[in-house]
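**Student:** I'd like to ask some things about the structure below.
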Amino acid sequence: MFHGKGKSVKQFHVNGETREAIIRSGDTLLQTLRGQMGLSGAKPACENGDCGACTVLVDGKPMHSCLILSIEALNKPLLTIEGLKDSPIQKAFVEKWAIQCGYCTPGFVLKCHALLQNHPNASDERIEEWLESNLCRCTGYAEIKEAIKSVLNAEENHTD
């Protein structure tokens with residue numbers, strides 16, 4: 001459906017649901033999620049891909065939504081912090097006090113969730129590597145690493 005001046009209604013697969021948004025060819029995924037869908041968990045901060053506050057999962061991969069055009073995310077499953085409910089990493093962030101002001105937290109939680117999904121036996125070096133693309137001005141990252149390790153250890157010790 002076309003709405004004039006380069007705008008059209010598109011369907012997105014967000015958090016397990018089909019959502020519609022009117023987008024322009026130059027709209028970033030961050031703009032669409034926040035402005036069109038009311039999903040404000042991805043935070044605008046640097047808006048040039050340096051901080052990771054806008055991280056979402058696109059087809060299971062962490063991406064800075066300020067760098068992706070909305071049109072590039074069509075037909076791909078998107079996961080925002082609003083769709084990640086009661087995950088072990090969210091609980092670990094609370095238990096390990098890996099939250100200070102909270103502005104960067106949604107991006108970190110999604111990044112850590114993807115790390116745990118893709119590398120369930122992540123080494124300290126891999127954890128460091130995955131955390132490099134997200135910035136936090138309030139914590140020393142120690143609590144975030146402890147949160148990840150607590151989930152890794154819980155999964156290793158889990159028996160059926």
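Laboratory data are not the source of any read-out in this text; all were calculated from the coordinates shown. Keep in mind that this is a model prediction, so the values were computed, not measured. Neighbour counts run over all protein chains shown; Cβ positions are idealised from the backbone, glycine included.
**Student:** What translational diffusion coefficient, in µm²/s and rounded to a whole number, does the Stokes-Einstein relation yield for the chain at 25 °C and a viscosity of 0.890 mPa s, taking the hydrodynamic radius as the Kirkwood radius over Cα pairs?
**Tutor:** Stokes-Einstein gives a translational diffusion coefficient of 151 µm²/s.
**Student:** Among A45, C101, L29, which residue has its Cα furthest toward the positive end of the charge dipole of region 1-105, with +1 on Lys/Arg Cβ and -1 on Asp/Glu Cβ?
**Tutor:** My answer, from the dipole projection, is L29.
**Student:** With runs of 4+ DSSP H residues as the only contributors, calculate the mean residue ellipticity of the chain at 222 nm using -39,500 (n - 2.57) per run, divided by the residue total and rounded to the nearest 500.
**Tutor:** Result for the chain, helices only: -9000 deg cm²/dmol.
**Student:** Here's another thing I want to ask about it. Return the FRET efficiency for the residue pair N121, K76: r is the Cβ-Cβ distance, R0 is 30 Å, and the value is rounded to the nearest 0.05.
**Tutor:** Rounded to the nearest 0.05, the efficiency is 0.65.
**Student:** Tell me, what HN-Hα J-couplings in whole Hz come from the Karplus equation 6.51 cos²θ - 1.76 cosθ + 1.60 at θ = phi - 60° for each residue of region 21-26, using x for Gly and Pro?
**Tutor:** Running phi through 6.51 cos²θ - 1.76 cosθ + 1.60 with θ = phi - 60° gives 8, 8, 10, 9, 4, x Hz.
**Student:** Would you mind working out the magnitude of the charge dipole of region 31-160 relative to its Cα centre, with +1 at each Lys and Arg C-beta and -1 at each Asp and Glu C-beta, to the nearest 20 Debye?
**Tutor:** It comes to approximately 420 debye.
**Student:** Would you kindly state how much longer the chain becomes between S25 and D50 on full extension, computed as 0.36 nm times their sequence separation minus their alpha carbon distance, in nm to one decimal?
**Tutor:** Extra length available between S25 and D50 comes to 6.7 nm.
**Student:** Can you give me the orientation-averaged projected area of the convex hull built on the Cα atoms of region 7-80, in nm²?
**Tutor:** Taking the Cα atoms of region 7-80, their convex hull projects to 4.1 nm² on average.
**Student:** Can you tell me how much longer the chain between N153 and H13 gets when fully stretched, taken as 0.36 nm per residue apart minus their C-alpha distance, in nm with one decimal?
**Tutor:** Residue separation times 0.36 nm, minus the Cα-Cα distance, leaves 47.2 nm.
**Student:** Filter K10/K145; K7/K145; K7/K43; K43/K76 down to the pairs with a C-alpha to C-alpha distance above 32 Å, please.
**Tutor:** Listed pairs above 32 Å: K10/K145; K7/K145.
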